Amino acid sequence: MVYEAVIGLEIHVELLTRSKMFCGCSTAFGDKPNTNTCPVCLGFPGTLPVLNRQAVALAVKAALALQGKVQEKSIFARKNYFYPDLPKAYQISQHDRPLSRGGFLEINFPEGRRRVHLERIHLEEEAGKLIHAGDSILEADYSFVDYNRAGIPLMEIVTLPDLHSGEEARLFLEELRLLLLYVGVSDCKMEEGSLRCDANISLRPAGSSELGVKTEVKNMNSFRAVEQALESEARRQEEILSAGGRVIPATCHWEGEERRTVPVREKGASADYRYFTEPDLPPLMLEASLVEQLRATLPELPAQRRERLQEEYGLEASEALMISSTPPLANFFEEAAKHYRDYRHLFHWIQGDLVYQLRETGTSLETVSPELLIELLELLDKGEINRPVAKELLTAVLKKGASPKKLVASKNLGRISGRETLEPLVAQVLDENPEAIESFLQGRKKALAFLVGKVMALTRGRADPQEVSQLLRDKIK
Amino acid sequence: MELFEMTAAGLSRLLQTEEISAVEVVESFLGRIEKVDPYVKAFITVSAEQALQTAAAVDRQRAGGEKLHPLAGVPVAVKDNICTKGVRTTCASRALENFIPPYEATVIAALHRLGLPVLGKTNLDEFAAGASTETSAFFITRNPWDRERVPGGSSGGSAVAVSTGMAPLALGSDTGGSIRQPAAFCGLTGLRPTYGRVSRYGMVPLASSLDQVGPLAMDATDCALLQGAIAGYDLLDSTSLPDEVPDYGAQLEKPVSGLRLGIIAEQQGEGFDPEINSAVTRAVRVLKENGVIVDEISLPHQRYALSAYRSLVSAEFSSSLGRFDGVRYGLSQPGENINRMFSQSRGLSFGPAVKGRILLGTYILSAAQYEKYYLPAGRARTLIARDYSEAFQRFDLLVGAVTATPAFKIGAKRGDPHQMALADLCLVGNALAGVPSISVPFGAAGGLPVGVQFTAPPLREDILLRVAYFLEQHRESGTIRPRLSFLEEGGGE
Amino acid sequence: MNKLTDDQVGQLARQASLEVDAEECRQLVERLNRELEMLQPLTELDLPAVEPTFCGAAHPAPRREDEVVPSLSLEQVFQNASTRDRDYFKVPQITSWEE
């Protein structure tokens, strides 16, 4: 039998606020343990939560960017469970009245464009961080708790089971991350845990509309891991089903090194979180006017930008996709395009040589001015330098931030051209290499390339190899 | 007359004219505590040093000609579920026996700002989950009118402190009667403010959706003064009300005539001590004689009030007490794994009454029981609140008893939720509705004080205080201080 | 009304992370059943499906500005903790957890 995977994702996103969700402690990452804590986020008795305006605004903006229906009234609830990283023994979250319902994100899957629908988006708070004194949580004799992270604002995005493969899940996550970066909701750093993803996956016979028994997959710390874990879990379930067995509802851990999912606990006796309305926080009311105000502050979204990059600059769809996925690079491109008309040429230089040289030289894009690249391209266009020199210059520009024009002048990099200048050099090379001329005359093309190289070496790369080649041919004949 | 025998208003006058110093006042009350408290056990912690420091600062400021709050230098006793920075706050629980809060409750910050010295922290039922102060993990507090009887609760320590002259003023907290009932049992004026009128920040919750901090005092004037000092908006409490705080004291002498008073059918009459009924009747009569318009009113959903109250309180309580796991503060019992550490720490932290409430709340909130017990409680609360708002279309205030009986014997109702709950009958409906109520001492039953309860629309504490003040002027018996004959007999602990 | 059994109360105690001994448990069973009896009016009466009230305040949640205010000093953070190990709270082994 052929099976189809049905996958839904739960994505936790830390919101980019200065202070925590319910108190004024800093959200800075990497500070000394327990220094960003106060009676509220440590859950001291008698303390009370007060909502962070910016956290609400960011979540609303994310919901709007994802076409969700922002609810006029949403309610905070306590999710009760005991764990040493949870200071109050409950997490303030939203349960049956979330901030936003519905919504979708359109994705370019290999099979075509499709909407992945969302169930809801809600606000909640982070737990603290546990550091285990051993290889894994269960082997450690004890653990250390750092509450710096406790109370950082979180947004949870829950999709409908609209995805059908690990690859689709990864593509969705990549597009979602990009959207959230564009809106400025989160820094989406998976390595720092500011974006995390859990998945639910079940299998069903292809074509069936019923849902099979699902498992929950956790412990995936990169998009690549999500893809691999879901492919692996789908295979595991398929093996069970193909052998006539039944999938047991469970939570599975992705063990990256072993490249497999391992069921860690049965979900049979599903956890009872004893949700109830948080009595310390009245309902969150979001009047339509406020929602509209926030909508007006939404920046251009990735999909919109791609469309515009194609229309305004004549980029290919794939090119637009490529450059828009690195917003600073796309910004650089658009800034440069204000003063440079050959957009495709510009695009190729940015996406090609610039990206390569940034990586090679370890330079940050922020330190590079678009004007310098334009100056360089203009020198090239006017024929004042050749392409190899242009590439060399780019390295120098990135390293020193100097003007290409000045570099050309000071280092005497201007292109060498014209019969009068080149002919003596050509003559010198021919004189010194009679056997190469012989070889060329016998029809060996490589010999000409060798001679061109010699002339180029004499000009320190500043001549146009094309022109040199022509001159050589003329002379030999 | 000794300083400790004076009201807060009286002390305020002498302090303002500099006839006495704040240090003298504090010393007088500290002396009184030393002498009386061994017999009644109202205080868990006496913060003499801090109180004297505050008093000395007030005296210096006054000497420097600074304009001070009328209550500057008048000391206060504080219920021990209100956090005091640097001063042990126990909630009368083993869980917090050695807890020193690194933060200040907003009401305490207000007292400090205005120059009211805090004398100490008073006894209560463990985590305020009781109505007799018998479930304190440390000791029971005795009613000074009859030491065989309870002072009421859960703010029993605060009530006894004021009643015996160990403090001129006290703060209590009222979730479902914890200020009003001990006020009635000890002969004091006790105000439960409108929900949100006084900040809850730093008050350890019994039930967040119902808790209010409020004043206990010898009379309406003192009650008004303290209420004025603690009321107001607090950025740290999301349920706090932004409305401006009126000058309660300035309105005490306004005439009562023209006020429309509703007698709550369900809150007096059958089942109530005849002398309590009589007190209500006589209070109504004197008001009527002075131009108050009186009629009867029924609150039909009152019959759900007790069960709704107990359901909501248990649910919230069970959740709010989850944090006592021994990791960050409080009693901590090392265990071989985290489950053992948590359950042993918690098991040793709480007494049986608290454990019972936690388990009941855990049960009620479980997915299987939520719709059976918790959801209907929330609906009943909506209906009860509607009853009150409809009643206030017709009336400016409502009257009934505070309790069905005067103070009962120690041990008489211990552990019997039925008996204890009957005592709450008149106290929880108004709390569920979030409206303010006051217990006014009026009359007596078998030599014990009796209270009459008035309830007003939201934010109309001024009406309650005005009526309380009026009734004081028409009180039949002279003194409302108990005669502390035990002081002569000896036998304090 | 269904009465709670010893087993059920034991289960509740585990959920509430409360260690109770057998004698305590027996007393709690009695106490809880008396309490539950008192809640019966809620289950027997047919309440209209009005919007329930679970928060005491009728106004919307206020929102504070996103500003950082000073945190506690480490001395204050650990002042009441017996679990301090360097600048962490140290807890024993986290065994498989009943969420």
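The values are calculated or read from the model by the stated rules, or taken from the named source; none is laboratory data. None of these values were measured; they are calculated from a predicted model. Don't worry about glycine lacking a Cβ; one is built from the backbone with ideal geometry, like all the others, and counts go over all protein chains shown. SASA here: full protein model, heavy atoms, side chains in, ligands and nucleic acids out. Shrake-Rupley method; radii C 1.70, N 1.55, O 1.52, S 1.80 Å.
With N set to the residue count of segment C:1-45, report its C-alpha Rg divided by 2.2 N^0.38 Å to two decimal places.
Rounded to two decimals, the normalised Rg is 1.22.
Could you give the size of the charge dipole of the protein assembly as shown about its Cα centre, using +1 on the Cβ of each K and R and -1 on the Cβ of each D and E, expressed in debye and rounded to the nearest 20?
1120
Over 10 Å intervals from 0, what percent of Cα-Cα pairs in chain B sits in each interval?
Over chain B, the share of Cα pairs per 10 Å bin runs 4, 21, 33, 27, 12, 3, 0, 0 percent.
Under 26 Å Cα-Cα from A:Lys69, which lysines qualify once same-chain neighbours fewer than 8 residues away are excluded?
A:Lys20, A:Lys61, A:Lys79
Please give the calculated 222 nm ellipticity per residue for chain B, where each DSSP H segment of at least 4 residues contributes -39500 (n - 2.57) and the sum is spread over every residue; nearest 500 deg cm²/dmol?
Details: 16 runs with 188 residues, N = 493.
Calculated from helices alone, the mean residue ellipticity at 222 nm is -12000 deg cm²/dmol.
Which value in Å does the Kirkwood hydrodynamic radius of the protein assembly as shown take, with 1/r averaged over all unlike C-alpha pairs and then inverted?
Every distinct Cα pair counted, the radius reaches 33.3 Å.
Of A:Lys189/C:Lys90; B:Lys121/B:Lys355; A:Lys73/A:Lys214, which ones are farther than 26 Å apart at the Cα?
As for pairs spanning more than 26 Å Cα to Cα, those are A:Lys189/C:Lys90; A:Lys73/A:Lys214.
Summing +1 for each Lys or Arg and -1 for each Asp or Glu, what net charge is found among the other residues whose Cβ lies under 12 Å from the Cβ of B:Leu312? Each step should come with its number before you reach the end.
Numbers: positive: B:Arg310, B:Arg357, B:Arg379, B:Arg381; negative: B:Asp211, B:Glu316.
Local charge sum for B:Leu312: +2.
With contacts defined as alpha carbon pairs under 8 Å and 6 or more residues apart, what's the relative contact order of chain B in percent?
Here the relative contact order equals 17 percent.
When the Kirkwood radius is taken over all Cα pairs of segment A:60-147, what Stokes-Einstein diffusion coefficient follows at 4 °C and 1.567 mPa s, in µm²/s?
Rounded, D is 82 µm²/s.
Any chance you could look up the accessible area of A:Thr37 with a 1.4 Å probe, heavy atoms only, rounded to 10 Å²?
Accessible area, nearest 10 Å²: 0 Å².
I'd like the carbon and sulfur percentage of the solvent accessible area for chain B, probe radius 1.4 Å, heavy atoms only, ligands and nucleic acids excluded.
Working: 7370 of 14940 Å².
Looking at chain B in its full context, I get 49 percent from C and S.
Considering the alpha-carbon set of segment A:419-476 alone, what are its Rg and its Dmax in angstrom?
Considering segment A:419-476 through its Cα atoms, Rg and Dmax are 10.2, 29 Å.
Residues of B:237-244, mean number of Cβ from any other protein chain within 10 Å of their own Cβ, rounded to a whole number? Kindly include the intermediate steps, with their values, before the conclusion.
Working: counts 7, 18, 12, 5, 3, 2, 0, 0.
Counting Cβ atoms of other protein chains within 10 Å of each residue's Cβ and averaging gives 6.
How much mean residue ellipticity at 222 nm does chain A get from its helices, if each DSSP H run of length 4 or more adds -39500 (n - 2.57) and you divide by all residues, to the nearest 500 deg cm²/dmol?
Values: 16 runs with 186 residues, N = 477.
So the calculated ellipticity at 222 nm is -12000 deg cm²/dmol.
Tell me which of A:Gln91, A:Phe172, A:Asn200 sits at the most positive position along the dipole axis of segment A:3-293, charges placed on C-beta atoms (Lys, Arg +1; Asp, Glu -1).
About the Cα centre, the residue reaching furthest to the positive side is A:Gln91.
At q = 0.10, 0.20 Å⁻¹, what log₁₀ I(q)/I(0) does a Debye calculation on the Cα points of segment A:302-411 give, no solvent, two decimals?
Here the Debye-derived log intensity ratios amount to -0.27, -1.03.
In Å and on Cα atoms, what radius of gyration and Dmax does segment B:246-388 show?
23.0, 72
Where does each of A:Lys477, A:Lys61, B:Lys288 land when they are ordered by accessible area, with a 1.4 Å probe and the largest first?
A:Lys477, B:Lys288, A:Lys61
All other residues with a Cβ under 15 Å from the Cβ of A:Leu315 taken together, and with Lys, Arg as +1 and Asp, Glu as -1, what is their net charge?
Numbers: positive: A:Arg305, A:Arg306, A:Arg308, A:Arg341, A:Arg344; negative: A:Glu307, A:Glu311, A:Glu312, A:Glu316, A:Glu319, A:Glu334, A:Asp342.
Computed value for this residue: -2.
So what does B:His112 come to for accessible area, using a 1.4 Å probe and Å² rounded to 10?
That residue has around 80 Å² of solvent-accessible surface.
Chains B and A: what accessible area do they bury, summed, in square angstrom to the nearest 100, with a 1.4 Å probe?
In total, chains B and A hide about 2600 Å² from solvent.
Please state the relative contact order of segment A:419-476 as a whole percent: Cα pairs under 8 Å, 6+ residues apart?
Working: 38 pairs, mean separation 21.4, N = 58.
Worked out over segment A:419-476, it gives 37 percent.
Taking H as built 1.01 Å from N, whose amide H comes closer than 5 Å to the amide H of B:Phe442, not counting residues under 5 places away?
B:Val450, B:Gly451, B:Val452
From the C-alpha gyration tensor of segment A:3-293, pull out the three semi-axes of the equivalent ellipsoid (sqrt of 5λ each), sorted largest to smallest, in whole Å.
For segment A:3-293, the semi-axes come out at 31, 24, 18 Å.
For B:431-443, what's the mean count of beta carbons from other chains sitting within 10 Å of each residue's beta carbon?
Taking all residues of B:431-443 together, the mean is 1.
For A:Ala77, list long-range residues whose amide hydrogen, built 1.01 Å from N in the peptide plane, is under 5 Å from its own amide hydrogen.
A:Ser93, A:Gln94, A:His95, A:Glu278
Determine the sum of side-chain charges near B:Ile384: Lys and Arg each +1, Asp and Glu each -1, restricted to other residues whose C-beta is under 12 angstrom from that of B:Ile384.
Working: positive: B:Arg303, B:Arg379, B:Arg381, B:Arg386; negative: B:Glu266, B:Asp387, B:Glu390.
Result for the local shell: +1.
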